1. Separation of the range 101-142 and the range 36-76 by C-alpha centroid, Å?
2. With a point put 7 Å past each Cα toward its Cβ, work out how far HIS150 is from LYS44 in nm, to one decimal.
3. Per DSSP helix of 4 or more residues, -39500 (n - 2.57); summed, then divided by the residues of the chain. What does that give at 222 nm, rounded to the nearest 500?
4. With each label point set 7 Å from Cα along the Cα-Cβ vector, what nm distance links LEU158 and ASP59?
5. Please work out the FRET efficiency for the pair ARG105 and LEU10, using the Cβ-Cβ distance as r and a Förster radius of 22 Å; give the result to the nearest 0.05.
6. Which of TYR126, TYR97 has the fewest other C-beta atoms within 10 Å, and how do the rest follow up to the most?
Amino acid sequence: MTEIGVAVRLAETRDLDGVVACSSALFAEDAGTRDPALNVNWPKEYGAATFAGAMEDPDRLVLVADDGGRIVGHLTGSLSGPTPMRPVMVATLGSMYVQPHYRGRKIGARLVEEFRAWARGHGAQYAGVTAYAGNEGAGRFFERNGFAPHSVVRETML
């Protein structure tokens, strides 16, 4: 799937540095400013091994937005269930990032569309994503792309 020279496709081993860079940018831009309990160095310390493992796992997804060999965005997803408590297969969008220069070009929507197609193809009946309450832009993006608020997690410092 391409538009304006940017292809959305499954990540490959050669994309690991780009996926780690996008994940690092996501942590710095979003979680690093909203979650004091988060290890903002996680992508640099653990990302390559985690993403490489995800690429080999049929219950996990790693997509990239590729502009002529340059990774300008990523999306990760996973499957869980069914369980006795929730007897359906659920797909979870774990993380997503598009570099600021590439935003507004529907690349994020295309990543989500591919995630949803992958989830349906693997038997998922529901899909979910978690975004920080303070990230209103992410909330609007996910609502535009079919995700409605479902539950709220509240935290406090101890």
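1. Between the Cα centre of the range 101-142 and that of the range 36-76, the gap is 15 Å.
2. Spacing of the two 7 Å Cα→Cβ label points: 3.5 nm.
3. Numbers: 4 runs with 44 residues, N = 158.
The per-residue figure over the chain is -8500 deg cm²/dmol.
4. 2.8
5. The pair ARG105/LEU10 has a calculated efficiency of 0.65.
6. Ordered by Cβ neighbours within 10 Å, fewest first: TYR126, TYR97.
Throughout, read-outs are computed from the coordinates displayed, never taken from laboratory work. Keep in mind that what you see is a predicted model, and the values were worked out from it rather than measured. Glycine also receives a Cβ, built like all others from the backbone with ideal geometry; neighbour counts cover every protein chain displayed.
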